[in-house]
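> I'd like to ask you about the structure that follows.
Since every read-out is calculated from the coordinates, none of them should be taken as a lab result. Quick caveat: nothing in here was measured; it's all calculated off a predicted structure. Note that each Cβ is placed from the backbone with ideal geometry, even for glycine, and that neighbours are counted across all protein chains shown.
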Amino acid sequence: METIRSADGTPLAFDRLGQGSPVVLICGASCVRGIHAQLAGLLSADFTVFNFDRRGRGDSGDTAPYAVEREIEDLAAVIAEAGGTAAVFGNSSGAVLGLRAVAAGLPITRLAAWEPPIMTDPDAPRRQREYAAELAALLAAGRRGDAMTLFMRSVGVPEPMIDGMRHAPMWPAMEAVAPTLAYDAAIMGDSTVAVLDTTIKIPTLVLDGSETGDWTRQMAEALSPLLAQPERRTLQGQNHNVAQEDLAPVLREFFAG
């Protein structure tokens, strides 16, 4: 593990693996960098992979008050450590952070986005507002476990599975990152393409799994007009929790291009 500091002084922990052109991995909501440990190892045969803990998670620090701009600065610090430019892979809301970072002008050469949760139905903004408000109230009351439960319900995790997780050894670690759920809610905005206010000019690969649901196809269609160099790939048999051994070859091909 190595550590760098973001523009506001927040320490960011990361692992550096392999040799070659740099690739930065961004995890999504409720996750720490360990979620991408296997993927980082698989890609390290061809690239120098930077797998970092976003602020407030794992071995990284945090600094109040939060703003999406601070996370973009965090990513900028990792890219600077990588040599000044890098390709980026973002998972779920981490993909939306990647998109917003490109829009903000970060020196990202290629972006691969796994199922960014961009919604297209008219009721999506209302649902997102209500989720963000309830999440904020739970966190303000110190109810981290209930906040994590709310998040898992919002993404469709079945109640019996949530109950099992709440009684599993992993639960304290999940509660520890619960405050960062509010960070991802901020990154998502109203959960529609309105969160992007400019065309993404770099090559961008939008990825989804055939088993996740129709919303991913609708998401890709909604994003496409905002991507100047779009690429599209559906991984057969995969859902949102994609198998990293199946994802790695696709990323390797795209980042090598």
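> Starting from residues that are touching a residue at least 12 places away in the same chain (Cβ under 8 Å) and out of contact with any Lys or Arg (no Cβ under 8 Å at 6 or more places or on another chain), keep the ones in segment 156-172 and report whichever is nearest to Ile26 (Cα to Cα).
Going through segment 156-172, the residues touching a residue at least 12 places away in the same chain (Cβ under 8 Å) turn out to be 162, 165-166, 171.
The next check asks that each one be out of contact with any Lys or Arg (no Cβ under 8 Å at 6 or more places or on another chain); those that pass are 165-166, 171.
Numbers: Met165: 24, Arg166: 25, Trp171: 22 Å.
It comes out as Trp171.
> If I ask for residues that are in contact with a Ser or Thr (Cβ under 8 Å, 6 or more places away or on another chain), at negative phi and part of a loop (DSSP other than H, G, I, E, B), which ones from segment 90-118 would you list?
Passing the criteria: Pro107, Pro116, Pro117, Ile118.
> State whether one or more residues within segment 19-28 are in a loop (DSSP other than H, G, I, E, B), surrounded by 23 or more Cβ atoms within 10 Å (Cβ to Cβ) and among the small types (Gly, Ala, Ser). Full working, then the answer.
First, pick out the residues of segment 19-28 that are in a loop (DSSP other than H, G, I, E, B): 19-21, 27-28.
After this cut, where a residue has to be surrounded by 23 or more Cβ atoms within 10 Å (Cβ to Cβ) as well, the list is 27-28.
When the remaining residues are screened for being among the small types (Gly, Ala, Ser), the result is 28.
Scanning segment 19-28 turns up at least one residue that is in a loop (DSSP other than H, G, I, E, B), surrounded by 23 or more Cβ atoms within 10 Å (Cβ to Cβ) and among the small types (Gly, Ala, Ser).
> Okay, moving on. Please find, among Ala136, Ala124, Ala113, the residue that is more than 30 Å from Gly257 (Cα to Cα), hydrophobic (A, V, I, L, M, F, W, C) and in contact (Cβ under 8 Å) with a residue 60 or more places away in the chain. Reasoning before the result, please.
On the way: Ala136 fails: in contact (Cβ under 8 Å) with a residue 60 or more places away in the chain; Ala113 fails: more than 30 Å from Gly257 (Cα to Cα).
Only one candidate passes the filter, namely Ala124.
> Residues in segment 191-207: is at least one acidic (Asp, Glu) and either surrounded by 13 or more Cβ atoms within 10 Å (Cβ to Cβ) or without any contact (Cβ under 8 Å) to a residue 24 or more places away in the chain (or both)? First the steps, then the outcome.
As a first pass, look at segment 191-207 and keep what is acidic (Asp, Glu): 197.
Filter once more, so that each one left must be either surrounded by 13 or more Cβ atoms within 10 Å (Cβ to Cβ) or without any contact (Cβ under 8 Å) to a residue 24 or more places away in the chain (or both): none.
Among the residues of segment 191-207, not one is acidic (Asp, Glu) and either surrounded by 13 or more Cβ atoms within 10 Å (Cβ to Cβ) or without any contact (Cβ under 8 Å) to a residue 24 or more places away in the chain (or both), which makes the answer no.
> Spot the failing condition for Met174; the list is (1) farther than 29 Å from Gly61 by Cβ; (2) surrounded by 13 or more Cβ atoms within 10 Å (Cβ to Cβ); (3) not basic (Lys, Arg), and only one is missed.
Met174 satisfies all of (1) farther than 29 Å from Gly61 by Cβ; (2) surrounded by 13 or more Cβ atoms within 10 Å (Cβ to Cβ); (3) not basic (Lys, Arg) except (1).
> Specify which of the listed residues (Ala87, Ala77) is part of a helix (DSSP H, G or I) and over 25 Å from Ala136 (Cβ atoms). Don't jump to the end; show me each part of the working.
Values: Ala87 fails: part of a helix (DSSP H, G or I).
Answer to the selection: Ala77.
> What tally of residues in segment 119-152 results from selecting those that are in a loop (DSSP other than H, G, I, E, B), among the aliphatic types (A, V, I, L, M) and either touching a Leu at 6+ places or on another chain (Cβ under 9 Å) or surrounded by fewer than 13 Cβ atoms within 10 Å (Cβ to Cβ) (or both)?
Pass one, segment 119-152, residues in a loop (DSSP other than H, G, I, E, B): 119-123, 141-143.
Then keep just the ones that are among the aliphatic types (A, V, I, L, M); that gives 119, 141.
The next check asks that each one be either touching a Leu at 6+ places or on another chain (Cβ under 9 Å) or surrounded by fewer than 13 Cβ atoms within 10 Å (Cβ to Cβ) (or both); those that pass are 141.
Of the residues in segment 119-152, 1 are in a loop (DSSP other than H, G, I, E, B), among the aliphatic types (A, V, I, L, M) and either touching a Leu at 6+ places or on another chain (Cβ under 9 Å) or surrounded by fewer than 13 Cβ atoms within 10 Å (Cβ to Cβ) (or both).
> Just to be sure I understand, how many residues within segment 153-181 are within 16 Å of Val32 (Cβ to Cβ) and assigned to a helix (DSSP H, G or I)?
Within segment 153-181, residues that are within 16 Å of Val32 (Cβ to Cβ) and assigned to a helix (DSSP H, G or I) number 11.
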